[in-house]
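As C-alpha cells, the structure follows; a few thoughts come after it.
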Amino acid sequence: MLVVRRQAAIALGSNVGDRQAHLTYAMERLRASAEVRVLAVSTWLETAPVGGPLGQGAYLNGACLVDTTLEPHALLDLLLTIEQERGRDRAREERHGPRTLDLDLILCGDLQHDDERLSLPHPRWTERLFVLEPLAQIAPDLVDPRSGRTVAQLAAHVHAQEQLP
C-alpha cells in the first residue's frame with residue numbers, strides 16, 4: 001500500500017477557561033501522534049470573536065503546519081477527539097459560540113473536497129484574519145488550491161479590505 005504524505009494547515013482557537021493550556025494540550029497531542037509531524041507553530045494571537053453571541057471572551061488563536069500520513073477524514077477525526085478531550089461538545093454548543101478548543105483543518109495538501117463532514121479548503125478561511133495572520137507567520141508561501149493565491153497574499157488582501165471606509 002502506498003503511503004501518501006501531505007502537509008496540512010490547522011487553525012487553533014480557544015476562548016473558554018485556560019486558553020493557553022487548551023492550545024498547548026492540542027499541540028502536545030498532535031506531536032504525540034505517530035502519523036503527524038509538527039513542522040511549525042505560530043505564536044498565539046488574541047483576537048475578538050467573529051459572529052456568535054455577544055459578550056463572549058476574546059480568543060487565543062494560532063496555526064500549525066504538519067506533515068501527515070493520515071487521510072483527511074482521519075486527521076479530522078483526530079482533531080475532533082482532541083477537542084472532546086478538552087470538554088468541547090459540538091452537538092450542544094451555539095454556532096460561533098464560546099469553546100474550550102476549536103481545531104479546524106484548513107488545508108490538506110492541494111486537495112479540494114466537499115462532503116457532509118469535511119470541506120477542503122476550509123470554508124471562509126481566506127476571509128478570516130484570525131486564521132490568515134498566524135498561518136502567514138509560519139507558511140506565507142502556502143497556496144490556496146482554489147484561488148492560487150498564497151497565504152501572504154490573502155492576508156494582505158483582507159487587511160486592505162478592512163482599511164476601506
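Within the stretch 1-58, being touching a strand residue (DSSP E or B) at 6+ places or on another chain (Cβ under 9 Å), modelled with pLDDT of 95 or more and of a type in the set (V, I, T) holds for I10, V36, V38, V41, T43. Taking the stretch 45-73 as the range and being touching an Asp or Glu at 6+ places or on another chain (Cβ under 9 Å) and over 28 Å from E116 (Cβ atoms) as the test, the residues that pass are L45, T47, A58, L60. Which one of L54, L39 is in contact with a Leu (Cβ under 7 Å, 6 or more places away or on another chain), among the hydrophobic types (A, V, I, L, M, F, W, C) and surrounded by fewer than 16 Cβ atoms within 10 Å (Cβ to Cβ)? Residue meeting the stated conditions: L39.
Matching residues to (1) in contact (Cβ under 8 Å) with a residue 24 or more places away in the chain; (2) closer than 23 Å to W44 by Cβ:
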site	(1), (2)
L70	yes, no
D89	no, no
R99	yes, yes
G109	yes, no
H113	yes, no
S119	no, no
R124	no, yes
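Within the bounds of the stretch 85-108, is there any residue that is over 16 Å from the mean Cα position of the chain (by Cα), over 14 Å from A8 (Cα atoms) and hydrophobic (A, V, I, L, M, F, W, C)? Scanning the stretch 85-108 turns up at least one residue that is over 16 Å from the mean Cα position of the chain (by Cα), over 14 Å from A8 (Cα atoms) and hydrophobic (A, V, I, L, M, F, W, C). State yes or no: is L129 under 21 Å from Q7 (Cβ atoms), of a type in the set (A, V, I, L, M, F, W, C) and either touching a Pro at 6+ places or on another chain (Cβ under 9 Å) or buried (at least 17 other Cβ atoms within 10 Å of the Cβ) (or both)? No: the conditions fail for L129. Across the stretch 144-154, which residue is surrounded by the most Cβ atoms within 10 Å (Cβ to Cβ) among those that are in a helix (DSSP H, G or I) and in contact with a Pro (Cβ under 8 Å, 6 or more places away or on another chain)? That would be V151. One residue alone among A26, A40 is within 12 Å of L103 (Cα to Cα) and of a type in the set (A, V, I, L, M, F, W, C), and that residue is A26. Selection of the stretch 109-125 for residues being out of contact with any strand residue (DSSP E or B) (no Cβ under 7 Å at 6 or more places or on another chain) and under 13 Å from A9 (Cα atoms) yields only D110. Note on the stretch 137-157: among residues that are among the small types (G, A, S) and touching a residue at least 12 places away in the same chain (Cβ under 8 Å), the one that is nearest to S42 (Cα to Cα) is A139.
The values are calculated or read from the model by the stated rules, or taken from the named source; none is laboratory data. Worth saying up front: this structure is predicted, and the values here are computed from it rather than measured. Positions of Cβ are backbone-derived with ideal geometry, glycine not excepted, and every protein chain shown enters the neighbour counts.
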